[in-house]
Amino acid sequence: MTAIQAPGSRRLKGEARFRLSGPKAFARVFKEGKRCEGRYVQIVTAVAPLSGDGRVGLVVSRKALARAIDRNRFKRKVREALRALRASNHPLTDRDLVIRVRPPLPREAVDAAAAETFGLLRQWVETAVAKRS
């Protein structure tokens, strides 16, 4: 089933259900989750409390990226990569994820950080699939 976009609307319907929200949800993922470290980002994954409804939370502080335009650009790129993973019925769909940018991130490295995030997610999936086999 694909998401339907209303005419003139930039937001896809149903996207909000894939967002991790509230301090308790973030605290649970940080407490129970497993970490995967990269040069620019840290990814924390935990089993979603509702099976099949994995959510994603992004933590991009002003210390990491001072300009709002850079923070929003990083978030946009990561969300687009996650939409592609979700569309392909990816194994991460049953996990809650928190993606945190490690400060300081140079402005020139925003694209590299987004690409690193996608690479770490792919690496995590390969490891998870290998453990299941």
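The values are calculated or read from the model by the stated rules, or taken from the named source; none is laboratory data. Predicted model only: the values in this text are computed from it and were never measured. Cβ sites come from the backbone with ideal geometry, for glycine too, and all protein chains shown count toward neighbours.
Data for the structure
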item	result
Restricting region 55-90 to residues that are assigned to a helix (DSSP H, G or I) and of a type in the set (Lys, Arg), the residue that is surrounded by the fewest Cβ atoms within 10 Å (Cβ to Cβ)	ARG76
Selection within region 57-73 - of a type outside the set (Gly, Ala, Ser), touching a helix residue (DSSP H, G or I) at 6+ places or on another chain (Cβ under 6 Å) and under 20 Å from SER21 (Cβ atoms)	LEU58, VAL60
Filter pass, LYS31 being exposed (fewer than 11 other Cβ atoms within 10 Å of the Cβ), modelled with pLDDT of 90 or more and charged (D, E, K, R)	yes
Qualifying residues in region 101-117 (those that are in contact (Cβ under 8 Å) with a residue 40 or more places away in the chain and surrounded by fewer than 20 Cβ atoms within 10 Å (Cβ to Cβ)) - the one farthest from LEU50 (Cα to Cα)	ARG107
Matching residues in region 118-133 - criterion: being surrounded by 12 or more Cβ atoms within 10 Å (Cβ to Cβ) and of a type in the set (Lys, Arg)	ARG122
Residue match in region 103-120 (condition: assigned to a helix (DSSP H, G or I) and at pLDDT below 75)	no
